[in-house]
Amino acid sequence: MISYNILEDLFRRSIPLKKSYEIRVLGKDKKTASYIKELVYGVVRYKILLDHILEETTDKNINNLSRKVQNLVRMGIYEIFFMKHKDYAVLSTIVDIAKSQMKNQEKFVNWILREFLRKKDKVVIPDDDSIESLSIKYSFPEHFIEYLLEEVGLERTKQLLEFYNSKPPIYAFRIDDLEYREFKNKERLTKREYILDPIYLNIFRSLQLEESINDVLDLCAAPGGKSFLVKSFLPKSKIVAIDKDTERVEVMNRNIKRLKLKNITTFAADIFKLNLDKLFDLVILDVPCTSTGTVRKNPDVKYNYKKKIDGLVEMQKKMIEKADDFVREDGLLLYITCSIFKEENHEVVSNFLKKNKDYKLISQFFTFGDPYSGGYGALLRKRGG
């Protein structure tokens, strides 16, 4: 039932998968939470393929089914086809949920799943290189695949799609030595380790921050990973870390205390209303974005980025302009995203440089991902007058 509610949260209420999962499994034992995660993340990861299987075995168009029926049937097919659970047990559970959640729909749901069971061994998954077939096989929207094909070609696209569908481990870096370790669960972390996607460490290493940096402003900072990386690279730096979300700032404060870090000042504020009485050697701006570089651990982003990207790009352009207010002459501005789309990356920075002739691009880093998440970083210098 919890799994069904999480899918309803995502597909009917547009609540992000990670947020819904964390709320819904609160208080559940590890075994239950793990089972729910495997099921709901699997359904979301392979939604397009699951819909294809349903249509192949029932001759029903998925779009003609109610959203509730869609989610229930996807759960059933995933449990049987991917998780290899016993047919009768899955069927019984799914029909029981249908009885409790949908008036007079349990017989229809039962019929769909029985048709699937009867024909599942005859399901054909397309294996040619057409965009439609790649979309079904790898369960990614066609417009996502079109972009990858245009940027990296067919073979690399298939490699990336395969990678994006693999289950990500938990990565944490140790503050003292900047070494990343792979964990199966959070409980094994020590007091000096912090969970953070290696993409950020790759960005910081590739852009080579100067040792002379002292005063740092981290905008959109919570829950703290970038500030903690700065502390690892530049132990003597003084950091002001700001985020709009009060709760996330509180999480950052707890992380600072756990990691025993000093000279990090935090507070909640809206960047567009922010007034500070000093300028900084380095300003870090990790902007809100489509998060498409994190699709491996957040599979829901591949379905909703298209309708968000234009609005996000406009916000990113405004935010980088605002960040300029806090950079001293000869100071640095570091622009970061976890997106793979050039509209949010190179094009935002290029637009900023055209409007602000006192800035120069020092270096930039970009990856589509593999072995870690995808993302972008650009280091800009503000030239003195």
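Annotations
- A single entry from 223, 235 fulfils the requirement of being under 19 Å from residue 202 (Cα atoms) and out of contact with any strand residue (DSSP E or B) (no Cβ under 9 Å at 6 or more places or on another chain): 235.
- Residue that is modelled with pLDDT of 95 or more, among the charged types (D, E, K, R), crowded, with 17+ Cβ neighbours inside 10 Å and in the same structural domain as residue 36 (by TED's automatic domain parsing), where the choices are 79, 106: 79
- For segment 315-350, a residue qualifies if it is touching a Cys at 6+ places or on another chain (Cβ under 9 Å), in a loop (DSSP other than H, G, I, E, B) and hydrophobic (A, V, I, L, M, F, W, C), and the qualifying residues are 338, 341.
- Each residue in segment 268-314 was checked for being surrounded by fewer than 16 Cβ atoms within 10 Å (Cβ to Cβ), in a helix (DSSP H, G or I) and either among the aliphatic types (A, V, I, L, M) or touching a residue at least 12 places away in the same chain (Cβ under 8 Å) (or both), and 4 of them qualify.
- Qualifying residue in segment 346-356 (condition: under 22 Å from residue 149 (Cβ atoms) and under 20 Å from the mean Cα position of the chain (by Cα)): yes
- Of 115, 79, 55, all but one fail to be in contact with a His (Cβ under 6 Å, 6 or more places away or on another chain), in a helix (DSSP H, G or I) and of a type outside the set (A, V, I, L, M, F, W, C); the exception is 79.
- All positions within segment 116-148 that are under 21 Å from the mean Cα position of the chain (by Cα) and without any contact (Cβ under 8 Å) to a residue 24 or more places away in the chain: 142, 145, 146
- Residue in segment 27-40 that is surrounded by 17 or more Cβ atoms within 10 Å (Cβ to Cβ), in contact with a Phe, Trp or Tyr (Cβ under 9 Å, 6 or more places away or on another chain), of a type in the set (A, V, I, L, M, F, W, C) and within 30 Å of residue 153 (Cα to Cα) present: no
- Enumeration of residues in segment 313-351 that are farther than 14 Å from residue 365 by Cβ and of a type in the set (Lys, Arg): 317, 318, 322, 328
- Failed condition for residue 233, given (1) surrounded by fewer than 23 Cβ atoms within 10 Å (Cβ to Cβ); (2) within 23 Å of the chain's Cα centre (by Cα); (3) of a type in the set (Phe, Trp, Tyr): (2)
The values are calculated or read from the model by the stated rules, or taken from the named source; none is laboratory data. The structure presented is a predicted model; accordingly, all values stated were derived computationally and were not measured. Positions of Cβ are backbone-derived with ideal geometry, glycine not excepted, and every protein chain shown enters the neighbour counts.
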